[in-house]
Each structure stands twice: as structure tokens, then as C-alpha cells.
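Student: One structure, pasted below without further comment.
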């Protein structure tokens, strides 16, 4: 019976084009980044960054409003959904858009313009509309949005990289290097990896919490001292996450506050056996390998950690600047043996229209399903 089923399984995989999760990537071309996650949904994003030379790009040397960004987001696969999205921290209309001083020609019926919470967003999702939009931008120097700009240096390279990662080069679905290859030649989107479901964490009794904290502090004294987590004043210590949480019947999560900067703090993370078998160990927190030298592990010291007891989700949130216009965030869950990455966002260059609005580099099946039910 088992042998008879195997050919059917292989046939199913061939017909559906099921694929393994891809390696996430993050690349920068000029003023543009291009991030592709583990299912090859890619986001190209352009905005004014700190080292951009834009001092003489506006008429009459008017001040430049940097709270604007343009992005192109596309799902993998032959029929992958595509969106062009222009966002600004001020009101604007189609008549306010120019490329190197020339009015941008857009079909009003093909675009949606909305303002919410002080952010105005222009969005287009029809493939032919996005293709025409890219064609108007690709040879330009800058996109002007009233007194704001989006530099266009690097746009074509970023979009070409997107076409390449999604297997669209020389095909009819490509945005930059088009050709005659049919849409059916584009590889299917990779499968989402499974991840642990949400579950309420175990509440530790006060006595057990104190025992686990003391045990960890004693056995990991060298690491705690190395990270200067043992010499905090009371004021600083009260601002940091130092706590114990039950992961399951056998293990607990221990956080020791370590340092506090102007707008964020760090904590050491340990996994501790509740039964007494074994020793407290620094947590292993998986993360995508983005550059040569990455270990695939965030290490045991994290920034702005938080543990959601209602879902058993452990998170961090690192801000590259106070308003979070760059940084990284992760979500993990315990599977009974180790932490599993659920989601990651990342943006290296600081800028754009919204704080904390960073490209997704990793997502999971459970995380997507829970988002739909929120």
C-alpha cells in the first residue's frame, strides 16, 4: 500500500510545483533596497537615506521632506500579485507627482489614494499599470512628491534583482529584462515552513520562579558578568526585562536585564530545565543568514525582548534610531525542544514614511493563519 502511494505523492509535487522554502536575501543598490523572504515575496523600497546627496535636487534649493518612500511588492509564482505603493507623511495627489520635473502620467482609475493616521498612500495593483509606472521611472533621477523626493538611483538594479530571484528574467512577467518566455516558465512560490501553534504559557509559582532565577544567575555568572548584567543600578534595572516564564512542563525562559541606552535596552536569554535535569543554557534564537559570516543565530542577548504569555511568542525589536526608521524584529515560539523562527523584519538604511515599517524577510504558515483571524 505504501509503495503504491509514493508515485501519487511525487506526481502531486510535480503537478503543484511544490518547492522548498528559499533563502531570504537583502541587497542594496544606490538608494534602493531589495528584500526577498523565504517564500520569495520580494519588496523593493526606495527613500532618502542619511548619506544620499540630495542637497541640490529641489527647485530653488527648497528644503527636502524625507518622509516619503516608494516600494514595489511582488509575490513569487507565475500569477504572483504585484503592488506599487507610494507613501508619504503628508497629503498629496496625482498632480503632485513628477519625475525630474516632468509630470507623471498615471491613469486615475487604476490607482487608489487614501490617507490614514497622517500617512497618504497611493497604490496600484494591476500588472500592466505597475509595468507602465516602472517604465516612467527607470531612466529618471528622482521622483518628486510635492516637497519630498524618492531617489531613483538603484531602482532598475533592485527590480532586476527581483526579476532574477523570482525566475522572471527574459519573460513576459519581468519588469526590467523582459522577453518571450511565457508566465508558465516562472517557478512556483516556495512552501511556507510549518511553525508551532499559539499556546498560553505556563504561569510559574513564585517559589519556582525564584529558584530558577537564582540557579541561572549562579551557573551562568561568568556570562552575566561579561555582559555587565550584574552591575545595574536600581533605576536602570527597573526599565529592563528580568523575568521567568514557563515554556512547557519541562522548560522555562529566563531573561536578565543587561543594559539601557537612550531608547532601548538589552537582556540575556536562557532556557532552563524546570525538572533539574541539565543546566541553564544561553538560548539559541535562529535567524536567516543574510551575509557571509552570519551564524544563523541571533545569540543569547536581545534588544527590547517581550514574551506574550497568551500565545507563547517571544519577540525582540531593535531600533537603529529613536523613531525606528530602521532596525530589525523577530518572533519565535518554543516547540518543546528549541525556539523556532516565526517572522522577521529588517531594514538597514534609516528613512521612509513610517517607523517600524520594515520589509519582511521570514514568515511562517501559522503566523499567516493567525494574522487572518485577528
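The values are calculated or read from the model by the stated rules, or taken from the named source; none is laboratory data. Remember, it's a predicted structure, so these values are computed and weren't measured experimentally. Cβ placement follows ideal geometry from the backbone for every residue including glycine, while neighbour counts extend to all protein chains displayed.
Student: Would you say residue 91 is at pLDDT 95 or above, touching a strand residue (DSSP E or B) at 6+ places or on another chain (Cβ under 6 Å) and part of a loop (DSSP other than H, G, I, E, B)?
Tutor: yes
Student: For residues in segment 166-224 being free of Cβ contacts under 8 Å to residues at least 40 places away in the same chain and touching a helix residue (DSSP H, G or I) at 6+ places or on another chain (Cβ under 7 Å), which is nearest to residue 44 (Cα to Cα)?
Tutor: Once the filter is applied, the top-ranked residue is 174.
Student: Given the structure, is residue 254 in contact (Cβ under 8 Å) with a residue 60 or more places away in the chain and more than 18 Å from residue 364 (Cβ to Cβ)?
Tutor: So residue 254 does not fit the description; no.
Student: Please enumerate the residues belonging to segment 307-341 that are over 20 Å from residue 268 (Cα atoms) and surrounded by 19 or more Cβ atoms within 10 Å (Cβ to Cβ).
Tutor: 324, 325, 326
Student: For the structure I just gave you, tell me whether residue 158 is more than 26 Å from the chain's Cα centre (by Cα) and either touching a residue at least 24 places away in the same chain (Cβ under 8 Å) or not in a loop (DSSP other than H, G, I, E, B) (or both).
Tutor: No; evaluated as a whole, the condition is false for this residue.
Student: Answer yes if at least one residue in segment 342-361 is touching a residue at least 24 places away in the same chain (Cβ under 8 Å), buried (at least 19 other Cβ atoms within 10 Å of the Cβ), under 12 Å from the mean Cα position of the chain (by Cα) and at positive phi, and no otherwise.
Tutor: No, segment 342-361 contains no residue that is touching a residue at least 24 places away in the same chain (Cβ under 8 Å), buried (at least 19 other Cβ atoms within 10 Å of the Cβ), under 12 Å from the mean Cα position of the chain (by Cα) and at positive phi.
Student: Which residue out of 259, 300, 287 is closer than 30 Å to residue 347 by Cβ, surrounded by fewer than 22 Cβ atoms within 10 Å (Cβ to Cβ), assigned by TED's automatic domain parsing to the domain that holds residue 345 and more than 24 Å from the chain's Cα centre (by Cα)? Walk me through how you get there before you give the answer.
Tutor: Numbers: 300 fails: more than 24 Å from the chain's Cα centre (by Cα); 287 fails: more than 24 Å from the chain's Cα centre (by Cα).
Sole residue among the options that is closer than 30 Å to residue 347 by Cβ, surrounded by fewer than 22 Cβ atoms within 10 Å (Cβ to Cβ), assigned by TED's automatic domain parsing to the domain that holds residue 345 and more than 24 Å from the chain's Cα centre (by Cα): 259.
Student: Here's a follow-up. Kindly establish whether residue 187 is modelled with pLDDT under 95 and closer than 19 Å to residue 24 by Cβ.
Tutor: When the stated conditions are applied, residue 187 does not pass them.
Student: Out of the residues in segment 176-214 meeting the condition of being more than 23 Å from the chain's Cα centre (by Cα) and crowded, with 18+ Cβ neighbours inside 10 Å, tell me which one is nearest to residue 274 (Cα to Cα).
Tutor: 212
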